[in-house]
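To keep things clear, I will list the structure first and then write my remarks on it.
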Amino acid sequence: MQRQQTMQRQRLRGRPTRLGAAFAGACGGAATALALLAATAANAERKADTPALQDLYFGEAIYYAHQEHWFEALERLDAELGQHRAVDEPELDSLYYHLREAEFDVGDFELNYRMHHRAGRAITAVLEGAVDEIVRNDAAFRLARIHFQKGQLEEALHALGRIEGRVPEGIADEIEYLRANVYLGLARPAEATEILRSLQGADSLRGFAEYNLGIALLEDGRRQEAYEQLARAGMVESADEPALAIRDKSNFVLGSLLVEAEDFSEAQVYFNRVRLEGPFSNAALLASGWAAATGQDFERAVVPWSILAEREPTDPAVQEAKLALPFAYGELNVHGRAAVVYSAAVNAFGAEIEKLDASVASIREGKFLDALVREEIRKDKDWVIRLRSLPESPETYYLLELAASHDFQTALQNYLDLDDLRRRLASWDVNFDAFDDLITLRRDFYEPQLPDVDQEFRALDSRMRLRLEQHRLLEERLDSMLVAPRPEFLATAGERSTSEELARLAASLDGVETEEAAALRERIGRLQGTIDWALRTEYHDRLYVFDEHLGELAEAIEVLNGTYESFVRTRQAALHSYEGYETPISRLRRRVSDALGEVNLLMARQGHVLELVAIDELNARRERLETYEDQARFALADSYDRATQARAEIPVITAVRPSDEGP
Amino acid sequence: MQRLTRAAALAILLAAGAGAQEPSTEEMQSLDEQVQEIKSDVLAIAAELTRLEERLLYPSNSQLAVFVSIAEGETFRLDAMRIDIDGELATHFIYGFKELEALQSGGVQRIYTGNVATGAHRIAVSVTGKTPGGNDFSHTDTFDFSKDIEPRLLGITLAGPTAIELGNW
């Protein structure tokens, strides 16, 4: 009991969610940082109030969800929900205690598995049902979140509008944050601003509410207030990586805005606040250099560009830094150094162009798609990064950069999901053959035995029924004796036989009226009287013994019944182990085969799209690198001239700088 | 030149600005929808296949399923688990980081599904790992259970490095 209680004390702790990334995708633009950190935190808080785990299969779905195995999680949860809906008395089903949670989770799982069309159906059903205020409001919030992620902003606002009265503990801020983000998405920044002001300082939204307020103010045309707000967002203190990333973003965006406003020195302050290791690091280093260079402070520009130029050469910011750095040296009249760095840049660009050519050629040969589905690589969570470092895999050099494109990401995810489906279907297809073998083996084993077993069973069955009938009659007899004593029922076999013999003798004396007959009648009466006496005086003792024996018999009958039922079940199980599978297996085999065909077709189409997107992107990257290379070659020659001139003490008049073609 | 330099800088900022997204092409959208549909189909097939497998391989009269969970708040590192039923190895499992985290977050792992005859049985659960203090531990507990004609679900809760509990479901 204690063990079970301990098991039941298990709580469903904070569900994983990837809605953070999804949120960011819904509204897009540099405007909003729509992460659902708050959702995760509040979910965890809310789970503390969920009932103890009552349904192991629901717990299993959660186990898969925590590992981001969305297919398995959905399959388990779908099955559990399906079974629950089919039972006559749902309140007796173990999922009953987690039903709302399960219906909410299934929507989250569907979203995470990128099944946006299906997501939200279960939650809508909750919303339409007769549920209490808190559950309804929770459902409305979750539905709004799904609409928001799908980019259905009006629907999201409508769902939020259905929230009235009490809301689940811990999500009040989340609701308002979502509302503000929806307003931002709908280009209603004034309303967003008002809401976001009330969320400043909310722990679960640390950094995000601050940043989004800055963006809302900016979109509302309140530029100065936006600057001040973004500066505040850029100072938020936290140890969490997402909060640190949004802090970097605040500083980066503010720096960018100040560059736009031609306040270069102030812009640098904010670029310099961006961490050296982080998602905005390269962009901030490059921008910081440009801000300094635009303010004619080339010495200062050299510092960030020198750092950046040494980083991953496939990154566009790094490539630009390789050209910008010698430009700064040139501006500083260090033409010899500039020439050396330009020369290195020419070589680096040449090498990158070769890589790009190799990548494009490799993609055209179909190697790119093969590389993407390498299972051993995908087990690593940083597989995209690792792919790039594989030796002799030109098809994947630029994968990380490609992954930044939304089209590419969508195509890639779909391709990977399709590959996963293909593997599953192929393995199921093999399973059917194993099922067939199994069924054949069972049939071959059982079928020859069953006729003999059945014959023996029928004989035993008739004997058993006879004994059961006898037992029933004895029980009836006991019941009748309890109502009216019937001593003769308790006579022994000897007494019954003696009584019958005495009755027969008495009958033979009927009509004989002699003294001898009278004496015999008297003796017969005495003897019968002896038996009757014994029956009557021993009645209670005999009844007690009879009852005991009947009880023992009942136990034996119970064992007999159990054995009988067990036999019938085993007999049925034997038959059911090979009968009745032909149709479902054949139907499933056809469905799997059809689905496999469709998946292969879709994979081919999706793969083609993926290759096209990749090649387009790589070609664009190549064109830019060619431009850089040309500029670097020209600047290299120019730098040599100037260096030579400088040595000959001829004053330098102009400097060459890279073209202003941005990435 | 300043104007051009600023333009370059802004171009970088725009490129680097998070969330700048291109709209999907019609073909990609259509493909995306078809992928979603095939996912639905395959999930439905998986559900039917699971039911069939259960009926074929683990009929209810002999089905035994063993589930594992970790008690709330426990932070020991579970490295491996071994399950023996009636003295025979039923299964063993080596835990990676993700599986362990999923268990510590409240997930329940179905570690074994098999068949046993009706009647009395014995299950031995062995675990190895590291305590929160970094010491190695290895522990085995044995429990009796009975199986009748219904599917039998056993829930193993690890309430500590050496505290294994068995619940009936």
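Taking the Cβ-Cβ separation of A:Ala52 and A:Ala620 as r and a Förster radius of 45 Å, what is the calculated FRET efficiency to the nearest 0.05?
0.20
Take every Cα pair under 8 Å in region A:274-318 that's 6+ residues apart, average their separations, divide by the length, and report that relative contact order as a whole percent.
Relative contact order comes out at 34 percent.
Around A:Leu199, under 14 Å between beta carbons, what's the net of Lys plus Arg minus Asp minus Glu among the other residues?
Net of charged neighbours comes to -3.
What is the helix-to-structure angle for A:281-294, meaning the angle in degrees between its Cα long axis and the longest Cα principal axis of chain A, kept from 0 to 90 and rounded to the nearest 10?
The answer is roughly 20 degrees.
How many partner chain Cβ atoms sit within 10 Å of a residue's Cβ in peptide A:252-260, on average, as a whole number?
Per residue, the average neighbour count from other chains is 3.
If packing is taken as the average number of other Cβ atoms within 10 Å across a peptide's residues, how do A:408-420, A:238-250 rank, most packed first?
A:408-420, A:238-250
Just to confirm a number: summing +1 for Lys and Arg and -1 for Asp and Glu over residues other than A:Ala156 whose beta-carbon lies under 12 angstrom from that of A:Ala156, what do you get?
+3
Give me the orientation-averaged projected area of the Cα convex hull of region B:63-168, in nm², one decimal.
6.1 nm²
Would you mind computing the Rg to Rh ratio of region A:468-582 from its alpha-carbon coordinates, Kirkwood style for Rh?
1.32
In peptide A:290-296, what is the residue-averaged number of other protein chain Cβ atoms found within 10 Å of each Cβ?
4
Report the extension gain between A:Ala361 and A:Thr492 in nm, rounded to one decimal, defined as 0.36 nm multiplied by the number of residues separating them, less their alpha carbon distance.
Here the answer is 36.7 nm.
Quickly work out the B:Phe145-to-A:Gln409 label distance, labels modelled 7 Å from Cα along the C-beta direction, and quote it in nm with one decimal.
4.4 nm
What length, rounded to one decimal in nm, is gained on full extension from A:Arg465 through to A:Glu154, with 0.36 nm per residue of separation minus their alpha-carbon distance?
104.7 nm
Mind pulling the per residue volume of the convex hull built on the Cα atoms of chain A? Å³ is fine.
Hull volume normalised by residue count: 230 Å³.
Fully extended, how many nm does the chain gain between B:Leu100 and B:Thr75 (0.36 nm per residue separation, minus their Cα-Cα distance)?
Here the answer is 8.0 nm.
Using a simple spin-label model with points 7 Å from Cα along the Cα→Cβ vector, what separation in nm is obtained for A:Glu565 and A:Glu456?
That separation, rounded to one decimal, is 2.3 nm.
Once you average over the residues of B:26-33, how many Cβ atoms of partner chains fall within 10 Å of each Cβ?
Whole-number average of other-chain Cβ neighbours for B:26-33 is 5.
Based on the mean of other beta carbon atoms within 10 Å per residue, what is the order of A:634-642, A:137-145, B:49-57, A:335-343, most packed first?
For the peptides A:634-642, A:137-145, B:49-57, A:335-343, the packing ranking is A:137-145, A:335-343, A:634-642, B:49-57.
Show me the three semi-axes of the equivalent ellipsoid for region A:273-382, from the C-alpha gyration tensor (sqrt of 5 times each eigenvalue), largest first, rounded to whole Å.
Ellipsoid semi-axes (Å, largest first): 33, 19, 9.
Given contacts defined as C-alpha pairs under 8 Å and at least six residues apart, what's the relative contact order of chain A, whole-number percent?
10 percent
In nm, give the distance between the simple-model label positions of A:Leu527 and B:Ser40, each being 7 Å from the Cα along the Cα-to-Cβ direction.
Each label point is offset 7 Å from its Cα along the Cβ direction, giving 9.3 nm.
Give the peptides A:186-193, A:273-280 in descending order of average Cβ contacts within 10 Å, highest first.
A:186-193, A:273-280
Give me the distance between the Cα centres of region B:26-40 and region A:150-229, rounded to whole Å.
Rounded to whole Å, the Cα centres lie 32 Å apart.
Where does chain A land at 222 nm, in deg cm²/dmol rounded to the nearest 500, when only DSSP H runs of n ≥ 4 count, each adding -39500 (n - 2.57), divided by all residues?
Taking each H run of at least 4 residues, the total per residue is -25000 deg cm²/dmol.
Which pairs, out of A:Lys367/B:Lys98; A:Lys249/A:Lys367; B:Lys39/B:Lys147; A:Lys150/A:Lys355; A:Lys249/B:Lys130, put more than 32 Å between their alpha-carbon atoms?
A:Lys249/A:Lys367; B:Lys39/B:Lys147; A:Lys150/A:Lys355; A:Lys249/B:Lys130
Each value in this text was obtained by applying a stated rule to the coordinates, not by laboratory testing. Model, not experiment: these values are computed from the prediction. So basically every Cβ, Gly included, is an ideal-geometry build from the backbone, and we count neighbours across all protein chains shown.
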